[in-house]
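The values are calculated or read from the model by the stated rules, or taken from the named source; none is laboratory data. Bear in mind that the values here come from a model prediction, so they are computed numbers and not experimental data. With ideal geometry, Cβ positions are generated from the backbone for all residues, glycine too; neighbour counts draw on all protein chains shown.
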Amino acid sequence: MALLESVDIPLGTPIEHFVLHDPFEKTHDSRRIFGRKGLLVVITCNHCPYAIAVWPRVIRIAEVAKRLGIETVAINPNINPAYPDDAPGQMKKKIAEWKIPFPYLVDETQAVARSFKAQCTPDIYLFGPAQTLVYHGRIDDNWQDESKVTQRELKEAVLALAAGKPVAEKQYHSMGCSIKWRS
């Protein structure tokens, strides 16, 4: 698994709206998912050790965000026959196991991940009420050991956005396994 970092995307970039289905075949439209104060989009998967390590943090941040008017959606672009752990059937198991309280969507064609310029799992995007990017970075400063985290950048960004305050301009790249692109 190749380790990659997210790429720089200018803050203020408009969201690329999408319509995807979850592994239960329910369709979700980003325009309808968007909360009154924003939308947190997490490009992720089931098998990457980086993604697995931060899933519980993403779920907790999403719960806080929801109470503040920011919705969350996770998108799995690793629908690739070479990675069966990321198949929709396995996503159903992870939704139940991790009690994921927000849509976890299948990016079958990988078009959404490409439109977001996603590079790794996880790759994190926070959009404000104007549907423009306000945060694109890591969850915190220690993906491996949550007990050693000293900076919770994503949570701070969510809290600032919800309070109508500016999100910190200094943002650190997310890092994780490369997306398993199909040719």
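Descriptive notes on the structure:
- Hits in region 56-107 - residues which are in contact with a strand residue (DSSP E or B) (Cβ under 8 Å, 6 or more places away or on another chain) and polar (S, T, N, Q): THR72, ASN76, ASN78
- Cβ-Cβ under 6 Å pairs, at least 6 apart or on other chains, region 143-164 side over 16 Å from PRO122 (Cα atoms), far side at pLDDT 95 or above and of a type in the set (Ser, Thr, Tyr): ALA157/TYR135
- Filtering ALA74, ALA113, ALA96, ALA130 for residues that are free of Cβ contacts under 8 Å to residues at least 12 places away in the same chain, among the small types (Gly, Ala, Ser) and under 26 Å from LEU161 (Cα atoms) leaves a single hit, ALA130.
- Every listed requirement among (1) among the hydroxyl-bearing types (Ser, Thr, Tyr); (2) loosely packed, with under 14 Cβ neighbours inside 10 Å; (3) farther than 20 Å from PHE34 by Cα; (4) under 15 Å from the mean Cα position of the chain (by Cα) is met by THR121 save one, (2).
- Of all the residues in region 122-165, those that are of a type in the set (Phe, Trp, Tyr) and at pLDDT below 95 number 1.
- Among the residues here, ILE61 qualifies as assigned to a helix (DSSP H, G or I) and either of a type in the set (Asp, Glu) or under 17 Å from the mean Cα position of the chain (by Cα) (or both).
- Residue, surrounded by the most Cβ atoms within 10 Å (Cβ to Cβ), within region 12-44, restricted to residues that are in contact with a Phe, Trp or Tyr (Cβ under 8 Å, 6 or more places away or on another chain) and part of a loop (DSSP other than H, G, I, E, B): THR44
- Residues in region 72-120 that are polar (S, T, N, Q) and part of a strand (DSSP E or B): THR72, ASN76.
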